[in-house]
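Written out below as structure tokens is the structure these notes cover.
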Amino acid sequence: MTGRFPYHAGRGGPRRRSQGVAVLAVSNLEVVYDDVILVLRGVSLQVPQGSIVALLGANGAGKTTLLRAISGLLDVHEGEVTKGRITLDGEEIHHLDAPRIVRLGIKQVLEGRRVLAEFTVEENLRVGAHAARGRALGDDLDRVFTLFPVLRDRRRRTAGYLSGGEQQMLAMGRALMSDPRYLLLDEPSLGLAPLLVQQIRDLIVAINEQGTTVLLVEQNATMALGIAGHGYVLETGKVVMDKPSADLLADDDVREFYLGLGGDGRRSFRDVKHYKRRKRWLS
């Protein structure tokens, strides 16, 4: 069911748009690890400039692998694109290394925050500015501190002593220091309390409204679909559903197995086995 879809930004809409042209595209992508393990199988998706696109799926579905393929980090994990292509503005980028892809304007925030624990908050942010050639460092710092006021308050603090939510904000702020066109977020709400999840949600919307396109990988489907314009569901390395977010939120299978809202709210092991056999969206 994958294919082109009309421009649909996240709530509030961005300030910079490209009239619905899908400038970051993944086409029929296959990825193999260690020369034998097929992780992605014919994956296609499109991320229009200025939008928020959500990518949903259970653990092991291939979401992180897809982000690594886009950001050039596959080789670090013994992975390889064996079929298909990834394009930015129509130009193939899947053969480029990570530094080159960063310079093209694509930044990934890895799952687990990955801050430089022994560096201060400001030193972490300055590291994120290494690809911002010709830009004023002070302007980018001001932008990050405006989006994340707590980081301004903690700018001299060692990053390893920040809370989990503050470290997630720092990881996102560091990625924004070079003003990327595309921000790839891998489970930004993972392990955070509900109040912090709401804050991260609002920050993603604010970042998008300032003109940064977001590809959001999330297991918190309610949060992701609540701010995205379009969503994809990945199962065992394949895209099995591709719809506007509102349609995904209304879909019975998505509501039951990703939002926990189906039926009377009780799911037995037998029900789950029946679902796995049924796979209505694969037919």
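Label-to-label distance for Ser44 and Ala246 is 2.6 nm, based on points extended 7 Å past Cα in the beta-carbon direction. Rounded, prolate or oblate: which fits segment 63-210 when a ≥ b ≥ c are the square roots of the eigenvalues of the alpha-carbon gyration tensor, with rounded for a/c under 1.5 and prolate only if a/b beats b/c? Since a/c reaches 1.5 and a/b is larger than b/c, the shape of segment 63-210 is classed as prolate.
Counted residue by residue at 0.36 nm each, then reduced by the alpha carbon distance between them, the extension gain from Tyr161 to Asp34 reaches 42.1 nm. Sorted fewest first by neighbouring Cβ atoms within 10 angstrom, Tyr161, Tyr33 come out as Tyr161, Tyr33.
The per residue volume of the convex hull around the alpha-carbon atoms of segment 117-179 is 65 Å³. With a cut-off of 20 Å on the backbone N, the residues of segment 160-184 near the modelled label site 7 Å out from Asp202 along Cα-Cβ are 163-174.
Take the alpha carbon gyration tensor of segment 161-226, find the square roots of its eigenvalues, order them as a ≥ b ≥ c, and report rounded if a/c is under 1.5; if not, report prolate when a/b exceeds b/c, else oblate. Oblate is the answer for segment 161-226, as a/c is 1.5 or above yet b/c matches or exceeds a/b.
Readers should treat all values here as calculations from the given coordinates under stated rules, not as data from a laboratory. Because the structure is a prediction, the values reported are computed rather than measured. Cβ: placed from backbone, ideal geometry, glycine included. Neighbour counts: every protein chain shown.
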